[in-house]
Amino acid sequence: MKHNIFNTIAFRMTLWFTGIFTICVSVVFLLFYYLATQTIQNQIDQELSDHASKFSAIIHTSGLMGARQLAVLEAQAAGEKLIFFRIVYPTGEVFASSRMSYWKDVHVSKSALQRLSTQKNIILETIEIPSTHQKARILYSYVAANAILQTGVAMDVYSKFLSTFKLVFVSSMGFIVIFSAVSGWLLVTKALSGVATIIKTAQNISGSNLEARVHGTGNKDELDHLVVTFNSMLDRIEELVKSIREMTDNIAHDLKSPVTRIRGFAELALVQEDNLEDYRIMAANSIEESDRLLDMINTMLMISKAEAGEEDFIFKTINLSDMIREACDLFAPLAEDKNILFFNEIKDPIFVVADIRMLQRAFSNLLDNAIKYTQENGEIKTTAFIEDQTVIIKVSDTGVGILPEFHEKIFERFYRIDSSRTTSGTGLGLSFARTIVRRHKGNIHVISHQNMGSVFEVRLPINNLKII
Ligand code: ADP
(Lines give C-alpha, C1' and ligand atoms only; values in the text may rest on other atoms or scores of the structure.)
Protein backbone atom coordinates (compact mmCIF):
# COMPACT_ATOMS: atom_id res chain seq x y z
CA MET A 1 0.00 0.00 0.00
CA LYS A 2 1.40 3.40 -1.01
CA HIS A 3 1.13 5.97 1.69
CA ASN A 4 1.37 9.71 1.71
CA ILE A 5 4.21 11.07 3.87
CA PHE A 6 1.85 13.76 5.22
CA ASN A 7 -0.34 11.03 6.73
CA THR A 8 2.52 9.34 8.60
CA ILE A 9 2.82 9.50 12.38
CA ALA A 10 6.48 10.50 11.92
CA PHE A 11 5.47 13.58 9.92
CA ARG A 12 2.71 14.60 12.30
CA MET A 13 4.89 14.08 15.39
CA THR A 14 7.73 16.06 13.79
CA LEU A 15 5.25 18.85 13.11
CA TRP A 16 4.08 18.78 16.73
CA PHE A 17 7.62 18.58 18.02
CA THR A 18 8.72 21.55 15.88
CA GLY A 19 5.63 23.57 16.78
CA ILE A 20 5.93 23.00 20.53
CA PHE A 21 9.68 23.59 20.52
CA THR A 22 9.28 26.84 18.54
CA ILE A 23 6.48 28.10 20.80
CA CYS A 24 8.51 27.34 23.95
CA VAL A 25 11.60 29.09 22.61
CA SER A 26 9.48 32.09 21.48
CA VAL A 27 7.91 32.38 24.93
CA VAL A 28 11.37 32.34 26.55
CA PHE A 29 12.59 34.99 24.07
CA LEU A 30 9.59 37.25 24.69
CA LEU A 31 9.90 36.89 28.46
CA PHE A 32 13.56 37.79 28.26
CA TYR A 33 12.75 40.73 25.96
CA TYR A 34 10.07 42.04 28.33
CA LEU A 35 12.32 41.79 31.41
CA ALA A 36 15.32 43.35 29.64
CA THR A 37 13.35 46.34 28.26
CA GLN A 38 11.68 46.88 31.63
CA THR A 39 15.08 46.91 33.36
CA ILE A 40 16.58 49.35 30.83
CA GLN A 41 13.55 51.66 31.11
CA ASN A 42 13.62 51.55 34.91
CA GLN A 43 17.27 52.48 34.81
CA ILE A 44 16.60 55.44 32.48
CA ASP A 45 13.67 56.58 34.65
CA GLN A 46 15.85 56.39 37.75
CA GLU A 47 18.55 58.46 36.01
CA LEU A 48 16.01 61.14 35.05
CA SER A 49 14.58 61.25 38.58
CA ASP A 50 18.10 61.66 39.98
CA HIS A 51 18.58 64.66 37.70
CA ALA A 52 15.29 66.17 38.93
CA SER A 53 16.43 65.75 42.53
CA LYS A 54 19.74 67.41 41.69
CA PHE A 55 17.94 70.40 40.13
CA SER A 56 15.64 70.73 43.18
CA ALA A 57 18.65 70.78 45.44
CA ILE A 58 20.51 73.39 43.38
CA ILE A 59 17.45 75.66 43.18
CA HIS A 60 17.13 75.34 46.93
CA THR A 61 20.72 76.53 47.45
CA SER A 62 21.49 78.73 44.40
CA GLY A 63 18.10 79.66 43.02
CA LEU A 64 16.95 79.42 39.38
CA MET A 65 20.19 80.89 38.06
CA GLY A 66 22.11 78.00 39.57
CA ALA A 67 19.74 75.64 37.81
CA ARG A 68 20.33 77.37 34.48
CA GLN A 69 24.08 76.78 34.83
CA LEU A 70 23.61 73.21 35.91
CA ALA A 71 21.47 72.51 32.83
CA VAL A 72 24.20 73.62 30.48
CA LEU A 73 27.00 71.86 32.35
CA GLU A 74 25.20 68.56 32.85
CA ALA A 75 24.24 68.36 29.15
CA GLN A 76 27.76 69.15 28.06
CA ALA A 77 29.19 66.54 30.41
CA ALA A 78 26.87 63.77 29.28
CA GLY A 79 26.70 64.78 25.61
CA GLU A 80 24.18 67.21 24.17
CA LYS A 81 22.81 64.60 21.77
CA LEU A 82 22.20 62.28 24.68
CA ILE A 83 20.41 64.50 27.19
CA PHE A 84 18.73 67.87 27.44
CA PHE A 85 17.35 70.02 30.28
CA ARG A 86 14.68 72.70 30.12
CA ILE A 87 13.44 74.74 33.04
CA VAL A 88 9.95 76.04 32.36
CA TYR A 89 7.36 77.99 34.29
CA PRO A 90 4.07 76.20 35.03
CA THR A 91 2.55 78.19 32.11
CA GLY A 92 4.92 76.42 29.72
CA GLU A 93 7.15 79.45 29.11
CA VAL A 94 10.82 78.39 28.93
CA PHE A 95 13.12 79.99 31.49
CA ALA A 96 16.37 78.24 30.60
CA SER A 97 17.68 75.18 28.79
CA SER A 98 20.79 73.32 27.69
CA ARG A 99 21.77 73.53 23.99
CA MET A 100 18.72 72.29 22.10
CA SER A 101 19.94 72.09 18.49
CA TYR A 102 19.52 68.30 18.46
CA TRP A 103 16.31 68.40 20.50
CA LYS A 104 14.59 71.34 18.78
CA ASP A 105 11.65 69.18 17.69
CA VAL A 106 10.90 68.22 21.25
CA HIS A 107 8.41 70.71 22.62
CA VAL A 108 6.94 71.21 26.05
CA SER A 109 3.82 69.12 26.20
CA LYS A 110 0.86 71.15 27.44
CA SER A 111 -1.04 68.04 28.46
CA ALA A 112 1.94 66.81 30.48
CA LEU A 113 2.07 70.14 32.32
CA GLN A 114 -1.68 69.93 32.85
CA ARG A 115 -1.45 66.45 34.29
CA LEU A 116 1.53 67.47 36.41
CA SER A 117 -0.45 70.28 38.00
CA THR A 118 -3.47 68.14 38.74
CA GLN A 119 -2.22 64.66 39.52
CA LYS A 120 1.39 63.88 40.09
CA ASN A 121 4.71 65.45 40.79
CA ILE A 122 6.43 63.38 38.12
CA ILE A 123 5.30 62.60 34.57
CA LEU A 124 7.25 60.14 32.43
CA GLU A 125 6.57 59.52 28.76
CA THR A 126 8.28 57.96 25.74
CA ILE A 127 8.20 59.95 22.52
CA GLU A 128 9.69 59.66 19.06
CA ILE A 129 11.73 62.59 17.80
CA PRO A 130 10.06 63.39 14.44
CA SER A 131 13.25 64.39 12.58
CA THR A 132 15.42 61.46 13.65
CA HIS A 133 12.77 58.84 14.52
CA GLN A 134 14.82 58.25 17.67
CA LYS A 135 13.00 57.24 20.82
CA ALA A 136 13.42 59.47 23.87
CA ARG A 137 12.25 59.23 27.44
CA ILE A 138 10.99 62.53 28.82
CA LEU A 139 10.46 63.50 32.48
CA TYR A 140 8.46 66.47 33.79
CA SER A 141 8.90 67.31 37.45
CA TYR A 142 8.41 70.30 39.76
CA VAL A 143 11.86 71.34 40.94
CA ALA A 144 10.58 74.49 42.73
CA ALA A 145 7.16 75.99 43.45
CA ASN A 146 7.14 77.89 40.14
CA ALA A 147 9.65 75.85 38.10
CA ILE A 148 9.25 72.61 36.23
CA LEU A 149 12.16 70.60 34.87
CA GLN A 150 11.68 68.95 31.48
CA THR A 151 14.54 66.60 30.82
CA GLY A 152 14.88 64.02 28.11
CA VAL A 153 17.32 61.28 27.31
CA ALA A 154 17.87 59.47 24.01
CA MET A 155 16.95 55.83 24.29
CA ASP A 156 19.94 54.74 22.25
CA VAL A 157 20.77 51.73 24.36
CA TYR A 158 17.17 50.72 24.26
CA SER A 159 16.94 50.96 20.46
CA LYS A 160 20.25 49.20 19.96
CA PHE A 161 19.16 46.42 22.25
CA LEU A 162 15.87 46.12 20.38
CA SER A 163 17.48 45.85 16.95
CA THR A 164 20.13 43.40 18.20
CA PHE A 165 17.41 41.38 19.85
CA LYS A 166 15.36 41.30 16.63
CA LEU A 167 18.38 40.11 14.68
CA VAL A 168 19.20 37.39 17.20
CA PHE A 169 15.55 36.36 17.42
CA VAL A 170 14.96 36.04 13.67
CA SER A 171 18.25 34.26 12.92
CA SER A 172 18.05 31.90 15.89
CA MET A 173 14.38 31.14 15.22
CA GLY A 174 15.27 30.00 11.71
CA PHE A 175 17.97 27.77 13.11
CA ILE A 176 15.70 26.47 15.91
CA VAL A 177 12.89 25.55 13.49
CA ILE A 178 15.29 23.66 11.20
CA PHE A 179 17.06 22.02 14.14
CA SER A 180 13.83 20.94 15.85
CA ALA A 181 12.35 19.62 12.60
CA VAL A 182 15.45 17.56 11.76
CA SER A 183 16.03 16.27 15.31
CA GLY A 184 12.26 15.59 15.72
CA TRP A 185 12.18 13.63 12.48
CA LEU A 186 15.28 11.60 13.44
CA LEU A 187 13.97 10.85 16.94
CA VAL A 188 10.49 9.85 15.78
CA THR A 189 11.66 7.72 12.86
CA LYS A 190 14.11 5.94 15.17
CA ALA A 191 11.40 5.35 17.78
CA LEU A 192 8.99 4.07 15.12
CA SER A 193 11.50 1.92 13.25
CA GLY A 194 10.15 -1.15 15.14
CA VAL A 195 6.65 -0.43 13.82
CA ALA A 196 7.99 -0.46 10.27
CA THR A 197 9.45 -3.95 10.92
CA ILE A 198 6.09 -5.15 12.26
CA ILE A 199 4.30 -3.75 9.19
CA LYS A 200 6.81 -5.49 6.90
CA THR A 201 6.32 -8.83 8.69
CA ALA A 202 2.54 -8.45 8.61
CA GLN A 203 2.73 -7.79 4.88
CA ASN A 204 4.88 -10.91 4.42
CA ILE A 205 2.40 -13.09 6.19
CA SER A 206 0.13 -14.78 3.78
CA GLY A 207 -1.82 -18.01 4.10
CA SER A 208 1.32 -19.98 3.33
CA ASN A 209 3.82 -17.99 5.40
CA LEU A 210 2.26 -17.96 8.83
CA GLU A 211 5.61 -18.91 10.37
CA ALA A 212 7.12 -15.40 10.00
CA ARG A 213 7.74 -13.63 13.34
CA VAL A 214 9.00 -10.19 14.30
CA HIS A 215 12.25 -10.04 16.30
CA GLY A 216 11.86 -7.96 19.48
CA THR A 217 14.46 -5.40 20.57
CA GLY A 218 14.61 -6.87 24.07
CA ASN A 219 14.36 -3.33 25.47
CA LYS A 220 11.17 -4.20 27.35
CA ASP A 221 9.59 -0.99 26.01
CA GLU A 222 6.12 -0.52 24.51
CA LEU A 223 7.29 -1.62 21.07
CA ASP A 224 8.85 -4.75 22.51
CA HIS A 225 5.51 -5.52 24.21
CA LEU A 226 3.75 -4.91 20.92
CA VAL A 227 6.13 -7.33 19.20
CA VAL A 228 5.51 -10.00 21.86
CA THR A 229 1.72 -9.50 21.61
CA PHE A 230 1.88 -9.51 17.81
CA ASN A 231 3.92 -12.74 17.79
CA SER A 232 1.60 -14.49 20.24
CA MET A 233 -1.35 -13.37 18.11
CA LEU A 234 0.38 -14.98 15.12
CA ASP A 235 0.97 -18.17 17.15
CA ARG A 236 -2.72 -18.27 17.92
CA ILE A 237 -3.76 -17.60 14.32
CA GLU A 238 -1.35 -20.28 13.11
CA GLU A 239 -2.82 -22.72 15.61
CA LEU A 240 -6.37 -21.83 14.55
CA VAL A 241 -5.60 -22.15 10.85
CA LYS A 242 -3.98 -25.52 11.55
CA SER A 243 -6.97 -26.75 13.53
CA ILE A 244 -9.39 -25.47 10.86
CA ARG A 245 -7.36 -27.38 8.24
CA GLU A 246 -7.42 -30.51 10.39
CA MET A 247 -11.14 -30.08 10.99
CA THR A 248 -11.85 -29.64 7.29
CA ASP A 249 -9.86 -32.79 6.55
CA ASN A 250 -11.80 -34.65 9.22
CA ILE A 251 -15.16 -33.37 7.96
CA ALA A 252 -14.27 -34.33 4.40
CA HIS A 253 -13.21 -37.78 5.57
CA ASP A 254 -16.29 -38.31 7.75
CA LEU A 255 -18.73 -37.08 5.13
CA LYS A 256 -17.09 -39.16 2.42
CA SER A 257 -17.83 -42.54 3.99
CA PRO A 258 -21.66 -42.25 4.29
CA VAL A 259 -21.91 -40.58 0.87
CA THR A 260 -19.83 -43.37 -0.68
CA ARG A 261 -22.08 -45.93 0.97
CA ILE A 262 -25.25 -44.19 -0.26
CA ARG A 263 -23.74 -44.10 -3.76
CA GLY A 264 -22.95 -47.81 -3.47
CA PHE A 265 -26.56 -48.60 -2.61
CA ALA A 266 -27.78 -46.52 -5.54
CA GLU A 267 -25.35 -48.30 -7.92
CA LEU A 268 -26.49 -51.67 -6.62
CA ALA A 269 -30.11 -50.68 -7.18
CA LEU A 270 -29.29 -49.89 -10.81
CA VAL A 271 -27.81 -53.30 -11.56
CA GLN A 272 -30.23 -55.20 -9.34
CA GLU A 273 -32.73 -57.61 -10.89
CA ASP A 274 -36.38 -56.87 -10.11
CA ASN A 275 -36.45 -57.92 -6.49
CA LEU A 276 -38.69 -55.63 -4.46
CA GLU A 277 -37.37 -56.87 -1.12
CA ASP A 278 -33.74 -55.97 -2.10
CA TYR A 279 -34.83 -52.52 -3.23
CA ARG A 280 -36.52 -52.04 0.11
CA ILE A 281 -33.36 -53.04 1.98
CA MET A 282 -31.21 -50.67 -0.11
CA ALA A 283 -33.67 -47.81 0.35
CA ALA A 284 -33.69 -48.44 4.11
CA ASN A 285 -29.88 -48.46 4.19
CA SER A 286 -29.78 -45.22 2.22
CA ILE A 287 -32.23 -43.63 4.65
CA GLU A 288 -30.15 -44.82 7.59
CA GLU A 289 -26.94 -43.36 6.11
CA SER A 290 -28.74 -40.12 5.23
CA ASP A 291 -30.04 -39.89 8.78
CA ARG A 292 -26.52 -40.31 10.08
CA LEU A 293 -25.38 -37.52 7.79
CA LEU A 294 -28.24 -35.27 8.84
CA ASP A 295 -27.59 -36.05 12.50
CA MET A 296 -23.95 -35.11 12.02
CA ILE A 297 -24.79 -31.85 10.25
CA ASN A 298 -27.42 -30.96 12.87
CA THR A 299 -25.01 -31.62 15.75
CA MET A 300 -22.38 -29.51 14.00
CA LEU A 301 -24.85 -26.64 13.63
CA MET A 302 -25.97 -27.00 17.22
CA ILE A 303 -22.37 -26.82 18.52
CA SER A 304 -21.73 -23.71 16.46
CA LYS A 305 -24.92 -22.08 17.68
CA ALA A 306 -24.29 -23.05 21.31
CA GLU A 307 -20.72 -21.73 21.14
CA ALA A 308 -21.93 -18.47 19.63
CA GLY A 309 -24.58 -18.24 22.38
CA GLU A 310 -27.39 -18.43 19.78
CA GLU A 311 -28.85 -21.76 20.92
CA ASP A 312 -31.52 -21.09 23.53
CA PHE A 313 -30.82 -22.92 26.77
CA ILE A 314 -33.81 -23.23 29.11
CA PHE A 315 -32.47 -23.12 32.66
CA LYS A 316 -34.70 -24.65 35.33
CA THR A 317 -34.16 -26.31 38.69
CA ILE A 318 -33.73 -30.03 37.94
CA ASN A 319 -32.97 -33.13 39.96
CA LEU A 320 -29.57 -34.05 38.57
CA SER A 321 -29.45 -37.37 40.46
CA ASP A 322 -32.71 -38.48 38.80
CA MET A 323 -31.54 -37.32 35.38
CA ILE A 324 -28.31 -39.36 35.60
CA ARG A 325 -30.11 -42.42 36.91
CA GLU A 326 -32.67 -42.29 34.06
CA ALA A 327 -29.87 -41.97 31.47
CA CYS A 328 -28.06 -44.96 33.01
CA ASP A 329 -31.28 -47.00 32.84
CA LEU A 330 -31.56 -46.11 29.15
CA PHE A 331 -28.03 -47.31 28.37
CA ALA A 332 -28.11 -50.40 30.61
CA PRO A 333 -29.41 -52.76 27.88
CA LEU A 334 -26.57 -51.69 25.52
CA ALA A 335 -24.02 -52.45 28.26
CA GLU A 336 -25.72 -55.72 28.97
CA ASP A 337 -25.33 -56.75 25.28
CA LYS A 338 -21.56 -56.51 25.76
CA ASN A 339 -21.75 -58.16 29.16
CA ILE A 340 -20.40 -54.98 30.79
CA LEU A 341 -20.89 -54.45 34.52
CA PHE A 342 -22.84 -51.17 34.49
CA PHE A 343 -23.61 -49.47 37.81
CA ASN A 344 -23.81 -46.08 39.53
CA GLU A 345 -23.18 -44.42 42.89
CA ILE A 346 -25.14 -41.21 43.01
CA LYS A 347 -25.56 -39.03 46.10
CA ASP A 348 -29.15 -37.99 46.65
CA PRO A 349 -30.53 -35.45 45.98
CA ILE A 350 -28.54 -33.03 43.81
CA PHE A 351 -30.71 -30.21 42.52
CA VAL A 352 -29.20 -27.84 40.00
CA VAL A 353 -30.33 -25.04 37.72
CA ALA A 354 -29.65 -26.35 34.24
CA ASP A 355 -31.06 -27.13 30.82
CA ILE A 356 -32.10 -30.77 31.37
CA ARG A 357 -32.43 -31.52 27.65
CA MET A 358 -28.86 -30.37 26.96
CA LEU A 359 -27.29 -32.02 30.04
CA GLN A 360 -29.01 -35.28 29.04
CA ARG A 361 -27.38 -35.09 25.59
CA ALA A 362 -23.95 -34.40 27.07
CA PHE A 363 -24.26 -37.20 29.57
CA SER A 364 -25.62 -39.66 26.97
CA ASN A 365 -22.54 -38.99 24.81
CA LEU A 366 -20.28 -39.92 27.74
CA LEU A 367 -22.21 -43.12 28.48
CA ASP A 368 -22.40 -44.04 24.79
CA ASN A 369 -18.61 -43.59 24.41
CA ALA A 370 -17.90 -45.57 27.59
CA ILE A 371 -19.88 -48.53 26.22
CA LYS A 372 -18.44 -48.16 22.69
CA TYR A 373 -14.81 -48.08 23.81
CA THR A 374 -15.00 -50.77 26.53
CA GLN A 375 -14.45 -54.38 25.59
CA GLU A 376 -16.82 -57.18 26.56
CA ASN A 377 -16.87 -58.11 30.26
CA GLY A 378 -15.59 -54.67 31.21
CA GLU A 379 -16.91 -52.33 33.85
CA ILE A 380 -18.55 -48.86 33.74
CA LYS A 381 -19.26 -46.84 36.85
CA THR A 382 -21.08 -43.51 37.17
CA THR A 383 -20.75 -41.34 40.28
CA ALA A 384 -22.18 -37.94 41.21
CA PHE A 385 -21.46 -35.95 44.36
CA ILE A 386 -20.69 -32.45 45.68
CA GLU A 387 -17.16 -31.46 46.74
CA ASP A 388 -15.62 -28.03 47.38
CA GLN A 389 -18.64 -26.12 46.14
CA THR A 390 -18.61 -28.14 42.91
CA VAL A 391 -20.91 -30.82 41.52
CA ILE A 392 -18.71 -33.62 40.20
CA ILE A 393 -20.00 -36.28 37.82
CA LYS A 394 -17.63 -39.07 36.77
CA VAL A 395 -18.05 -41.74 34.13
CA SER A 396 -15.27 -44.35 34.55
CA ASP A 397 -14.68 -47.30 32.28
CA THR A 398 -12.15 -50.08 31.96
CA GLY A 399 -11.97 -49.66 28.16
CA VAL A 400 -9.22 -49.03 25.60
CA GLY A 401 -8.03 -45.82 27.29
CA ILE A 402 -6.56 -42.72 25.63
CA LEU A 403 -2.90 -41.69 25.17
CA PRO A 404 -2.06 -38.38 26.98
CA GLU A 405 -1.39 -36.50 23.69
CA PHE A 406 -5.04 -37.00 22.70
CA HIS A 407 -6.58 -35.84 26.02
CA GLU A 408 -7.32 -32.35 24.64
CA LYS A 409 -7.69 -33.21 20.97
CA ILE A 410 -10.62 -35.58 21.49
CA PHE A 411 -12.73 -32.56 22.54
CA GLU A 412 -12.17 -30.90 19.16
CA ARG A 413 -14.88 -31.08 16.54
CA PHE A 414 -14.58 -34.17 14.28
CA TYR A 415 -11.47 -35.43 16.02
CA ARG A 416 -11.38 -39.21 16.30
CA ILE A 417 -8.37 -41.21 17.35
CA ASP A 418 -7.30 -43.31 14.35
CA SER A 419 -7.72 -46.56 16.31
CA SER A 420 -11.38 -45.65 16.91
CA ARG A 421 -12.22 -45.12 13.26
CA THR A 422 -13.44 -48.71 12.95
CA THR A 423 -16.08 -47.93 15.58
CA SER A 424 -19.19 -46.01 14.50
CA GLY A 425 -19.22 -42.34 15.43
CA THR A 426 -18.97 -38.79 14.16
CA GLY A 427 -16.24 -37.27 16.33
CA LEU A 428 -18.72 -34.66 17.52
CA GLY A 429 -19.98 -36.19 20.78
CA LEU A 430 -17.29 -34.88 23.16
CA SER A 431 -17.10 -31.52 21.45
CA PHE A 432 -20.85 -31.10 21.92
CA ALA A 433 -20.65 -32.31 25.54
CA ARG A 434 -17.90 -29.75 26.32
CA THR A 435 -19.90 -26.90 24.72
CA ILE A 436 -22.96 -27.81 26.79
CA VAL A 437 -20.99 -28.07 30.05
CA ARG A 438 -19.25 -24.76 29.37
CA ARG A 439 -22.62 -23.07 28.83
CA HIS A 440 -23.36 -24.23 32.41
CA LYS A 441 -20.11 -22.48 33.50
CA GLY A 442 -18.50 -25.87 34.10
CA ASN A 443 -15.79 -27.91 32.47
CA ILE A 444 -15.05 -31.44 31.37
CA HIS A 445 -11.78 -33.31 31.11
CA VAL A 446 -10.44 -36.84 30.87
CA ILE A 447 -8.03 -38.82 33.02
CA SER A 448 -6.85 -41.85 31.11
CA HIS A 449 -3.99 -44.17 30.15
CA GLN A 450 -3.96 -46.41 27.14
CA ASN A 451 -5.42 -49.86 27.82
CA MET A 452 -6.18 -48.87 31.39
CA GLY A 453 -9.61 -47.30 30.96
CA SER A 454 -10.75 -43.69 31.15
CA VAL A 455 -12.49 -41.37 33.60
CA PHE A 456 -14.49 -38.48 32.12
CA GLU A 457 -15.07 -35.87 34.80
CA VAL A 458 -17.69 -33.10 34.54
CA ARG A 459 -17.36 -30.24 37.06
CA LEU A 460 -20.19 -27.76 37.52
CA PRO A 461 -19.50 -24.88 39.93
CA ILE A 462 -22.04 -24.65 42.71
CA ASN A 463 -22.21 -20.83 42.76
CA ASN A 464 -23.66 -20.77 39.27
CA LEU A 465 -26.21 -23.39 40.09
CA LYS A 466 -28.91 -23.48 42.72
CA ILE A 467 -28.39 -26.54 44.89
CA ILE A 468 -31.08 -27.24 47.50
P1 ADP B 1 -17.02 -40.45 18.48
O2 ADP B 1 -17.17 -41.29 19.69
O3 ADP B 1 -18.24 -40.30 17.71
O4 ADP B 1 -15.84 -40.85 17.64
P5 ADP B 1 -16.48 -38.35 20.38
O6 ADP B 1 -16.31 -36.89 20.17
O7 ADP B 1 -17.52 -38.77 21.29
O8 ADP B 1 -16.66 -38.96 18.92
O9 ADP B 1 -15.09 -38.91 20.84
C10 ADP B 1 -13.90 -38.52 20.21
C11 ADP B 1 -12.84 -39.61 20.31
O12 ADP B 1 -12.44 -39.74 21.66
C13 ADP B 1 -13.33 -40.96 19.92
O14 ADP B 1 -13.22 -41.15 18.54
C15 ADP B 1 -12.43 -41.89 20.72
O16 ADP B 1 -11.25 -42.07 19.99
C17 ADP B 1 -12.11 -41.10 21.96
N18 ADP B 1 -12.95 -41.50 23.13
C19 ADP B 1 -14.08 -40.93 23.57
N20 ADP B 1 -14.56 -41.56 24.67
C21 ADP B 1 -13.68 -42.56 24.93
C22 ADP B 1 -13.60 -43.55 25.95
N23 ADP B 1 -14.51 -43.67 26.93
N24 ADP B 1 -12.56 -44.43 25.90
C25 ADP B 1 -11.62 -44.31 24.94
N26 ADP B 1 -11.64 -43.41 23.96
C27 ADP B 1 -12.66 -42.53 23.94
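The values are calculated or read from the model by the stated rules, or taken from the named source; none is laboratory data. Values in this document were obtained by computation on a predicted structure and should not be read as measured data. All Cβ positions, even for glycine, are placed from backbone atoms using ideal geometry, and neighbour counts span all protein chains on display. For the accessible areas, the whole protein counts, side chains as well, though only heavy atoms, and no ligand, DNA or RNA atoms are used. Shrake-Rupley method; radii C 1.70, N 1.55, O 1.52, S 1.80 Å.
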Between T390 and residues 5 or more places away or on another chain, the pairs with built amide H atoms under 5 Å apart involve I462
Taking all pairs of different Cα atoms in the chain, averaging 1/r and flipping that mean, what Kirkwood radius in angstroms comes out? 33.1 Å
What is the distance in Å between the Cα centroid of region 97-163 and that of region 222-260? 90 Å
What's the ranking of 303-311, 30-38, 393-401, 8-16 by average number of surrounding C-beta atoms within 10 Å, highest first? 393-401, 8-16, 303-311, 30-38
Find the accessible area per residue for region 157-225; the probe is 1.4 Å, ligands and nucleic acids are left out, and the unit is Å². 69 Å²
So in the chain, what percent of DSSP beta bridges are antiparallel if you round to the nearest 5? 90 percent
If N is the number of residues in region 5-161, what value comes out of its Cα radius of gyration divided by 2.2 N^0.38 Å? 1.49
Environment charge of E128, counting only residues whose C-beta is closer than 14 Å and scoring Lys/Arg +1, Asp/Glu -1: -1
Taking K and R as +1 and D and E as -1, what net charge do the other residues with C-beta under 11 Å from the C-beta of I356 add up to? 0
Per residue accessible area in Å² of region 316-467, where ligands, DNA and RNA are left out and the probe is 1.4 Å: 48 Å²
Dividing the helical contributions, -39500 (n - 2.57) per DSSP H run of n ≥ 4, by the residues of the chain yields a 222 nm value, nearest 500 deg cm²/dmol, of -19500 deg cm²/dmol
Using a 1.4 angstrom probe on the protein heavy atoms only, could you order M100, M296 from most to least accessible area? M100, M296
For N344, what residues show an amide H to amide H distance below 5 Å, using hydrogens built from the backbone and excluding near sequence neighbours? T382
Scan region 340-390 for GluC sites (Glu not before Pro) in coil per DSSP, keeping those whose Cβ has at most 16 other Cβ atoms within 10 Å, and list them by number. E376
Cβ crowding within 10 Å averaged over residues, with 236-243, 365-372 ranked highest first: 365-372, 236-243
Could you order the peptides 427-435, 156-164, 142-150 from most to least packed, using the average number of other C-beta atoms within 10 Å per residue? 427-435, 142-150, 156-164
Accessible carbon and sulfur surface of the chain relative to its total accessible area, %, 1.4 Å: 60 percent
Estimated FRET transfer efficiency when R0 is 30 angstrom, pair N146-I40 (beta carbons, to 0.05): 0.35
Restricting to Cα pairs under 8 Å and 6 or more apart, the percent relative contact order of the chain works out to 10 percent
